[in-house]
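Asker: A single structure is presented below for examination.
Taken together, the values in this text are just the output of simple stated rules run on the coordinates, not laboratory data. Because the structure is predicted, anything quoted here is derived from the model rather than measured. Cβ coordinates were reconstructed from backbone atoms using ideal geometry, including for glycine residues, and neighbour counts include every protein chain displayed.
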Amino acid sequence: MAIILGILYLGQKEDQVGIQNINGALFLMLTNMTFSNMFSVVNVFCAELPIFLREHFNGMYRTDVYFLSKQIVEFPIFVITPILFCAIFYFMVGMNAEFARFCIACLALIAVTQVKVVFS
């Protein structure tokens with residue numbers, strides 16, 4: 001998905017139109033990360049709900065233990081995916097090539113992904 005979207009915004013210049021396109025690319029990057037991960041969480045939650053309720057009411061584990069274990073298991077996926085997406089999309093669009101700013105963009109995507117996973 002990052003390659004397809006990166007081709008749309010490939011090599012933006014730093015003029016008025018280019019800056020507006022980069023703003024649109026940033027918005028698209030955030031919404032893509034939010035909705036793509038949200039749909040996977042919603043689908044898995046609906047499938048696991050009957051199993052969780054049965055095991056919870058049988059006293060096998062508490063809700064907080066289930067939530068924390070699920071977060072720990074899915075953490076690598078929800079960190080690697082935004083980094084890969086950002087690595088492809090960030091440089092194809094032609095955003096600032098400083099490594100520190102690239103890391104800030106990756107951290108912002110990871111934070112958006114984690115917040116979305118927790119609250120969905």
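Asker: Full-extension gain between Glu74 and His56, please, as 0.36 nm times their residue separation minus the C-alpha to C-alpha distance. Before the final figure, lay out each step's value.
Answerer: Working: separation 18, 0.36 × 18 = 6.48 nm, distance 2.04 nm.
Result for the pair: 4.4 nm of gain on full extension.
Asker: In the stretch 56-94, which residues have a backbone nitrogen under 13 Å from the label point lying 7 Å from Glu14's Cα in the Cα-to-Cβ direction?
Answerer: Backbone N within reach: 94.
Asker: Provide the FRET efficiency to the nearest 0.05 for the Val65-Ala108 pair, computing r from the beta carbons and using R0 = 25 Å.
Answerer: Values: r = 30 Å, r/R0 = 1.19.
Computed FRET efficiency for Val65 and Ala108 comes out at 0.25.
Asker: Between 0 and 90 degrees, rounded to the nearest ten: what's the tilt of helix 63-93 against the longest Cα principal axis of the chain?
Answerer: Approximately 10 degrees, to the nearest 10.
Asker: Which one of Pro76, Val41, Ile4 is farthest out on the positive end of the charge dipole of the chain, using unit charges on Cβ (Lys, Arg +1; Asp, Glu -1) and the Cα centre as origin?
Answerer: Working it through, the farthest residue towards the positive pole turns out to be Val41.
Asker: While we're looking at this one, here's another question. Treating the angle as unsigned and between 0 and 90°, give the value, to the nearest 10°, between the Cα long axis of helix 99-119 and the longest Cα principal axis of the chain.
Answerer: That works out to roughly 30 degrees.
Asker: Let me ask you something else. Relative to the longest principal axis of the chain, what angle (0 to 90°, nearest 10) does the C-alpha long axis of helix 16-57 take?
Answerer: Taking the Cα atoms of the chain, the angle to 16-57 is about 10 degrees.
Asker: When 1/r is averaged over all different Cα pairs and the result inverted, which Kirkwood radius in Å belongs to the chain? Numbers along the way, then the final one.
Answerer: Working: mean 1/r = 0.0624 Å⁻¹.
The answer is 16.0 Å.
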